[in-house]
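> Here you go, one structure.
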Amino acid sequence: MKAKISEEVLKEIFPRKLKRPQVSERVYRELKKMILSGKLKKGQRLVEEEISKSFNVSRTVVGKAFIQLKKDKLIIRKFKKGTFVA
């Protein structure tokens with residue numbers, strides 16, 4: 001007779017939600033690193049489509065990263081003009 005593993009033990013072994021950064025978090029970190037290191041210069045325009053292609057992610061992912069970068073005051077978003085490094 002085989003012993004069954006309890007649901008609680010299974011949840012500990014195989015958690016449903018993996019604890020790893022979301023894709024947008026990784027893109028955010030990489031862009032932040034590029035801004036702080038000077039690879040992306042002050043006033044440089046950031047084009048969502050180009051960044052999404054270079055990271056091989058969707059524009060939605062880049063948009064989420066931009067939201068966090070704006071909160072950190074690392075970028076400026078100007079209505080009908082674009083997004084720029086602060």
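> It is to be established whether one or more residues within the stretch 38-45 are at pLDDT 90 or above and assigned to a strand (DSSP E or B).
Yes, the stretch 38-45 has at least one match.
> Gly63 - would you say it is in contact with a strand residue (DSSP E or B) (Cβ under 7 Å, 6 or more places away or on another chain) and in contact (Cβ under 8 Å) with a residue 12 or more places away in the chain?
So Gly63 does not fit the description; no.
> Just wondering, is there one or more residues in the stretch 48-60 that are among the aliphatic types (A, V, I, L, M) and over 19 Å from Leu36 (Cβ atoms)?
Within the stretch 48-60, one or more residues are among the aliphatic types (A, V, I, L, M) and over 19 Å from Leu36 (Cβ atoms).
> Go through the stretch 68-86 and report how many residues are within 15 Å of Ile35 (Cα to Cα) and either among the aromatic types (Phe, Trp, Tyr) or touching a residue at least 40 places away in the same chain (Cβ under 8 Å) (or both).
8
Table: residues versus (1) modelled with pLDDT under 95; (2) in contact with a helix residue (DSSP H, G or I) (Cβ under 7 Å, 6 or more places away or on another chain); (3) within 24 Å of Val85 (Cα to Cα).
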residue: Lys4; (1), (2), (3): yes, no, no
residue: Glu12; (1), (2), (3): yes, no, no
residue: Arg20; (1), (2), (3): yes, no, no
residue: Glu25; (1), (2), (3): yes, no, yes
residue: Lys64; (1), (2), (3): yes, yes, yes
residue: Ile75; (1), (2), (3): no, yes, yes
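Let's see how each residue does on (1) surrounded by fewer than 16 Cβ atoms within 10 Å (Cβ to Cβ); (2) hydroxyl-bearing (Ser, Thr, Tyr); (3) out of contact with any Asp or Glu (no Cβ under 6 Å at 6 or more places or on another chain):
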| position | (1), (2), (3) |
| --- | --- |
| Ile51 | no, no, yes |
| Phe55 | no, no, yes |
| Thr60 | yes, yes, yes |
| Lys80 | yes, no, yes |
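The values are calculated or read from the model by the stated rules, or taken from the named source; none is laboratory data. From a predicted model like this one, the values you see are computed outputs, not experimental measurements. Please note: Cβ atoms are built from the backbone with ideal geometry, for glycine as well, and neighbour counts cover all protein chains shown.
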